[in-house]
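Heads up: the structure comes next, in structure tokens.
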Amino acid sequence: MSGLAILVTTIDSDEAARMLARAALEAKLAACVQIAPVVSHYVWKGELCEAREFQLQMKHLAADYAALAALVRRLHSYETPEILRIDVADADPAYAAWIAAAAQRG
């Protein structure tokens, strides 16, 4: 196990995505955040919906997941934001070391 994870979320605007990415990086809860436009299809409160959103993939130390998820919940505008943790089974050692160094607080 690498000790790394990826938190995935979506949000409704580029500006909000950038704000969330900055907050995670400044708090050193993520080492890298990728933002990509997506079209989401889903059922919400019994209605079939389609929305343009921005997906964020936040690379972080698995030990920081709870704090990162709490930050996303606090800053997110959705009633029920997508917050998924994907554990990284293996990673290039140099990349894993970079994430660990970038997420060092203190």
Residue among 25, 48, 20 that is of a type in the set (A, V, I, L, M), farther than 20 Å from residue 70 by Cβ and at pLDDT 95 or above: 48
Every pair of residues 6+ apart whose Cβ atoms lie under 9 Å, when the first sits in segment 26-50 and is more than 26 Å from residue 4 (Cα to Cα) while the second is exposed (fewer than 10 other Cβ atoms within 10 Å of the Cβ) and polar (S, T, N, Q): 44/80
Test set (1) without any contact (Cβ under 8 Å) to a residue 60 or more places away in the chain; (2) polar (S, T, N, Q); (3) in a loop (DSSP other than H, G, I, E, B) - residue 77 fails condition number: (1)
Any hit, segment 9-29, residues being among the hydrophobic types (A, V, I, L, M, F, W, C), part of a strand (DSSP E or B) and surrounded by fewer than 20 Cβ atoms within 10 Å (Cβ to Cβ): no
Pick from segment 69-106, criterion in contact with a Leu (Cβ under 9 Å, 6 or more places away or on another chain) and of a type in the set (Val, Ile, Thr), ranking: nearest to residue 10 (Cα to Cα): 83
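Considering only segment 39-57, I want to know if a residue exists there that is charged (D, E, K, R), touching a Cys at 6+ places or on another chain (Cβ under 7 Å) and part of a strand (DSSP E or B). Write out each step before concluding.
So the first thing to find is which residues in segment 39-57 are charged (D, E, K, R), and the list is 45, 47, 50, 52-53.
Filter once more, so that each one left must be touching a Cys at 6+ places or on another chain (Cβ under 7 Å): none.
No, the conditions are met nowhere in segment 39-57.
Scanning for something in contact with a helix residue (DSSP H, G or I) (Cβ under 9 Å, 6 or more places away or on another chain) and over 21 Å from residue 87 (Cα atoms), does segment 59-70 turn up at least one residue?
no
The values are calculated or read from the model by the stated rules, or taken from the named source; none is laboratory data. None of the values given here were measured: they were computed from a predicted structure. Positions of Cβ are generated from backbone atoms using ideal geometry, with glycine treated the same way; all protein chains shown enter the neighbour counts.
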